[in-house]
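Report on the following structure.
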Amino acid sequence: MSYEVSYQELNQIFDSLRLHYKIYAPKRLHNVGRYCNTDMIRYEEIRSAEEIELKERSVYSPKEVFYPVNQTLFHYTEYGYLESQIFDKDLLIFARSCDIHGIKRLDKVFLENGTTQDPYYKRMRDKVHFVLLECGEGWESCACCSMHTNKTDDYDLAMRFLPEENKVLVECKTDLFKESFLQKPAVDFKPEFVEKNKSEIRVPEITEDMLPQIYQLDMWKEYNSRCIGCGACNSVCITCSCFNTVDTPYTENGKSGERRRTWTGCMNDDFTTVNGGHAFRDAYADRMRFKTLHKVYDFKKRFNTEDHMCVGCGRCDDVCPNNISFSHIVNRLYDEVEKIKEEKK
Ligand code: SF4
Ligand code: SF4
C-alpha cells in the first residue's frame with residue numbers, strides 16, 4: 001500500500017520512529033568538502049525530512065553507518081578482555097538501489113565467506129532497514145544499468161519527495177512501518193527506477209585461461225604514473241570491505257587498550273606489505289589490475305554468483321584526484337579481452 005503525507009506529518013512519524021530507530025540519510029555538511037568553501041554530502045543521523053539531500057549523491061556510501069571507518073572490537077587489560085557494546089536501536093537507512101545491491105555484496109564478504117560470519121558486522125547489519133530513495137535520472141558517472149543494480153525490491157519503505165507541493169509519497173513494501181501510515185490518504189505510488197545511464201560499463205567475460213595474458217597487458221602500466229595510491233576510490237566504494245586491525249594502548253606499558261579495525265584498501269601503500277618489508281603489489285599498475293579484476297572477475301568466481309562486485313555507483317570516478325575513471329578502465333579491459341578471445345579462436 002502507498003500513502004501521501006506532508007513533510008510535517010512525516011517529521012511527526014520520524015519523531016515516533018526515533019524511539020526505536022536511528023534514522024540515517026545523505027545530508028549536506030557545509031564547508032567540509034574537498035576544496036575550500038565546498039560542501040560534502042555524507043550519511044548522518046537526521047531528525048527531519050528537510051535534512052535529506054536529494055539532488056546530489058553522497059560522497060561516501062551508506063556502508064559507513066553500520067560498518068564504520070573506525071570500529072572498536074574489544075577492550076583489553078593484562079587480565080582479560082571485554083567486547084565493545086553497541087546501541088539498542090535499529091537503523092533506518094535511506095539508500096539508493098545501487099547501494100542496497102552494494103550492501104548485499106558486503107553481506108557475501110562478511111557473512112557468507114567460509115564457515116564463520118563476522119560477528120561485528122552481523123550485529124550491526126541485523127539492525128538495518130532500508131527506505132528506498134528514487135534517483136530520477138541519476139548522475140554523470142552512474143553505471144547501475146550496466147551492472148544490473150538499477151532496480152531492487154529489497155526495502156521496507158520507498159519515498160518520493162515533492163517539496164514544492166509539501167508532499168511525500170510513501171510505499172510500505174512490508175508491514176514493518178505500515179502502522180505509522182495507515183491513517184494517511186492512500187495513493188497509487190510505486191517507485192520509479194533509472195532505465196538508462198549516461199555512463200556505460202562493458203563488463204568483460206573473463207575466463208581463467210586468459211589471466212596470464214591479462215596480467216601482462218600494457219594498459220596497467222599507465223597507472224604507475226597516473227595513480228598516486230591515495231585510496232580514495234576504496235574509501236568511497238560501497239563494496240570495498242578491507243580493514244586493518246590495530247591495537248591502541250591506553251597506558252604506557254601497553255597492557256590495557258582497545259583493538260580497533262579501520263578501513264583500508266588495495267590501492268593504499270603498505271596494504272600488501274608483510275614482515276620484512278616485502279610488498280606483494282607495490283607498483284600502482286599491479287594494484288589497479290588487482291582492484292579491477294577483484295571488482296569484475298574474482299568476486300563473481302569466488303561466490304559462484306551472477307553478480308559482479310562493482311555495482312556501478314560511480315563514486316570512485318567522482319572522487320579520484322587524478323580523474324581516473326574506473327568505468328573507463330573496465331571498458332578498456334573489455335576491449336583487450338575481446339582481442340584475446342579473437343586470438344584464441
Ligand atoms: S568500484 Fe567504483 S563504481 Fe564500482 S561499486 Fe566501487 S565505487 Fe562504485
Ligand atoms: S582515487 Fe585515483 S589516484 Fe587515488 S588510488 Fe584510486 S585510482 Fe589512484
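Laboratory data are not the source of any read-out in this text; all were calculated from the coordinates shown. Note that this is a predicted model, so its numbers are computed, not measured. When we count neighbours, we look across all protein chains shown, and the Cβ atoms used for this are built from the backbone with ideal geometry, even at glycine.
Could you state, as a whole-number percent, how many of the C-alpha pairs of the chain are farther apart than 38 Å? Write down the numbers at each step before the final one.
Working: 13461 of 59340 pairs.
Summing the P(r) of the chain above 38 Å gives 23 percent of all pairs.
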Is the C-alpha gyration tensor of the range 81-202 telling us rounded, prolate or oblate? Criteria: a/c under 1.5 is rounded; beyond that, a/b larger than b/c is prolate, otherwise oblate. oblate
Would you please give the residues with an amide H less than 5 Å from that of Ser48, counting only those at least 5 places away or on a separate chain, with H modeled from the backbone geometry? none
Just to check I understand the Karplus step: with θ = phi - 60° and J = 6.51 cos²θ - 1.76 cosθ + 1.60, what whole-Hz values come out for the range 244-253, glycine and proline as x? 9, 10, 10, 8, 10, x, 8, 10, 4, 7
Kindly work out what percent of the DSSP beta bridges joining two residues of the range 1-159 are antiparallel, to the nearest 5. 50 percent
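Using the Kirkwood formula over every pair of different C-alpha atoms, what hydrodynamic radius in Å results for the range 209-295?
Values: mean 1/r = 0.0672 Å⁻¹.
Roughly 14.9 Å, rounded to one decimal.
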State, to one decimal in nm, how far the label point of Asn70 lies from the label point of His148, with both points 7 Å from Cα in the Cβ direction. 4.1 nm
Per-pair calculated FRET efficiency, R0 = 25 Å: Glu306 and Lys196 via Cβ, rounded to 0.05: 0.75
Shape call for the range 225-270, from the Cα gyration tensor axes a ≥ b ≥ c (a/c under 1.5 means rounded, otherwise prolate when a/b beats b/c, else oblate), comes out prolate
Report the convex hull volume per residue for the range 36-139, counting only C-alpha atoms, in Å³. 162 Å³
Under the Karplus relation 6.51 cos²θ - 1.76 cosθ + 1.60, θ = phi - 60°, what is the ordered set of whole-Hz ³J(HN,Hα) values for the range 183-191, x standing for Gly and Pro? 7, 8, x, 6, 9, 9, 9, 10, x
Please order Ser256, Ser180 by the number of other Cβ within 10 Å, starting at the fewest. Ser256, Ser180
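Between Asp335 and Asp15, what is 0.36 nm times their sequence separation minus the Cα-Cα distance? Round to one decimal in nm. Spell out each step's value before the answer.
Working: separation 320, 0.36 × 320 = 115.20 nm, distance 5.28 nm.
Full extension of this stretch gives 109.9 nm more.
I need Asp107, Asp126 ordered by Cβ neighbour count within 10 Å, fewest first. All intermediate terms of the calculation are to be shown ahead of the outcome.
On the way: Asp107 15, Asp126 10.
Starting with the residue having the fewest Cβ neighbours, the order is Asp126, Asp107.
Taking other Cβ within 10 Å of each residue's Cβ, how do Cys142, Cys135 sort, fewest first? Could the numbers behind the result be given before it?
Details: Cys142 27, Cys135 20.
The order, fewest Cβ neighbours first, is Cys135, Cys142.
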Can you figure out the FRET efficiency of Arg123 with Tyr35, using R₀ = 30 Å and their beta-carbon distance, to the nearest 0.05? 0.20
Students often get this wrong: which residues of the range 189-221 have the backbone nitrogen under 19 Å from the point 7 angstrom along Cα-to-C-beta of Asp282? 221
Long-range amide H contacts for Asp39: which residues qualify at under 5 Å (H placed 1.01 Å from N, peptide plane, sequence gap of 5 or more or a different chain)? Asn31, Gly33
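Could you tell me the convex hull volume per residue, in Å³, taken over the Cα atoms of the range 150-268?
Numbers: hull volume 38.4 nm³, N = 119.
With only Cα atoms used, the range 150-268 gives 323 Å³ per residue.
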For the pair Lys22 and Gln213, the simple spin-label estimate (label points 7 Å beyond Cα toward Cβ) gives in nm 5.0 nm
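Please state the charge dipole magnitude for the chain, taken about the Cα centre, from unit charges on C-beta atoms (+1 on K and R, -1 on D and E), reported in debye and rounded to the nearest 20.
Working: 49 positive and 57 negative charges, 105 e Å.
So the dipole magnitude of the chain works out to roughly 500 debye.
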